[in-house]
Amino acid sequence: MSPPILHTERLRLVPLSAGHLEHEIELSADPEVMRYLGGVRTREQSAEALRKLLADTAPGLGCWAGFLDADFAGYWALRPADAPNEAELGYRLLRRHWRKGLAKEGSLELLRYGFRDVGLDRIFAGTAVGNKASQATMAAIGLRHIRDFVSDDPDYFAPGDDRHAVEYALRREEWLARN
């Protein structure tokens, strides 16, 4: 089962493809967008990151490029986790689309899709301790703070970065009780 095109009130979420490389390059070139994601990437690093995103799939899971009409806004993801029936939620938006509620809107649609259509039992998200905006989005969509930890993920932290991170999560039964 490949990921479908998803829709919200304002967004069209299209399964990510190799054709979205220029969008990956645009996202990865902004130091503020990449502040908590390991820093700015070169064109070659962006191409490699996109290849990794496209390879990191499971039935029904993957990444989506989000569009407001024809305007690219950012990425949303439900990536496979180590535990069965779990996925990691992610989102990354162009700075011009920050503070418009789009991260929340797209993430709520991925929660719906993940729990209702894919049948996931748990969806979690993580970020650097300092990324208060992302933590606010996680809380706004109903995820609860689960733990603080020190990350060893080299894809998200550049050498010398503070690797303190947080995890938020939501179980299917909690989501169903609210929806």
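Scanning the range 46-75 for residues that are more than 18 Å from L94 (Cβ to Cβ) and among the polar types (S, T, N, Q) gives a single hit, T57. Just checking, does the range 33-41 include any residue being hydroxyl-bearing (S, T, Y) and either in contact with a Pro (Cβ under 7 Å, 6 or more places away or on another chain) or farther than 21 Å from L89 by Cβ (or both)? Within the range 33-41 (the criterion being hydroxyl-bearing (S, T, Y) and either in contact with a Pro (Cβ under 7 Å, 6 or more places away or on another chain) or farther than 21 Å from L89 by Cβ (or both)), the answer is no, since none of the residues qualifies. Taking the listed residues E48, E26, E32, E44, the one that is touching a residue at least 60 places away in the same chain (Cβ under 8 Å) and out of contact with any strand residue (DSSP E or B) (no Cβ under 8 Å at 6 or more places or on another chain) is E32, with no other qualifying. For the range 72-90, the set of residues classified as out of contact with any Lys or Arg (no Cβ under 9 Å at 6 or more places or on another chain) and more than 14 Å from P3 (Cα to Cα) consists of F72, D82, P84, listed by residue number. With respect to the conditions (1) of a type in the set (D, E); (2) part of a loop (DSSP other than H, G, I, E, B); (3) touching a strand residue (DSSP E or B) at 6+ places or on another chain (Cβ under 6 Å), E88 falls short on a single one, namely (2).
Out of the range 65-82, which residues are under 16 Å from the mean Cα position of the chain (by Cα) and of a type outside the set (D, E, K, R)? Result: A65, G66, F67, F72, A73, G74, Y75, W76, A77, L78, P80, A81.
Just so you know, in the range 114-142 the residues that are closer than 21 Å to R172 by Cα and free of Cβ contacts under 8 Å to residues at least 24 places away in the same chain include one that is least open to solvent (accessible area, probe 1.4 Å), and it is A136. Scanning the range 94-106 for residues that are crowded, with 17+ Cβ neighbours inside 10 Å, assigned to a loop (DSSP other than H, G, I, E, B) and free of Cβ contacts under 8 Å to residues at least 60 places away in the same chain turns up nothing. Yes or no: L53 surrounded by 20 or more Cβ atoms within 10 Å (Cβ to Cβ) and not charged (D, E, K, R)? It is false that L53 is surrounded by 20 or more Cβ atoms within 10 Å (Cβ to Cβ) and not charged (D, E, K, R).
Among the residues of the range 148-179, the ones that are at pLDDT below 95, in a strand (DSSP E or B) and out of contact with any Gly (no Cβ under 9 Å at 6 or more places or on another chain) come to 2 in all.
The values are calculated or read from the model by the stated rules, or taken from the named source; none is laboratory data. Note that the structure is a prediction, hence the values are computed from the model and not measured. Note that each Cβ is placed from the backbone with ideal geometry, even for glycine, and that neighbours are counted across all protein chains shown. To get the accessible areas, we keep the full protein, side chains included, count just its heavy atoms, and leave off ligands, DNA and RNA. Shrake-Rupley method; radii C 1.70, N 1.55, O 1.52, S 1.80 Å.
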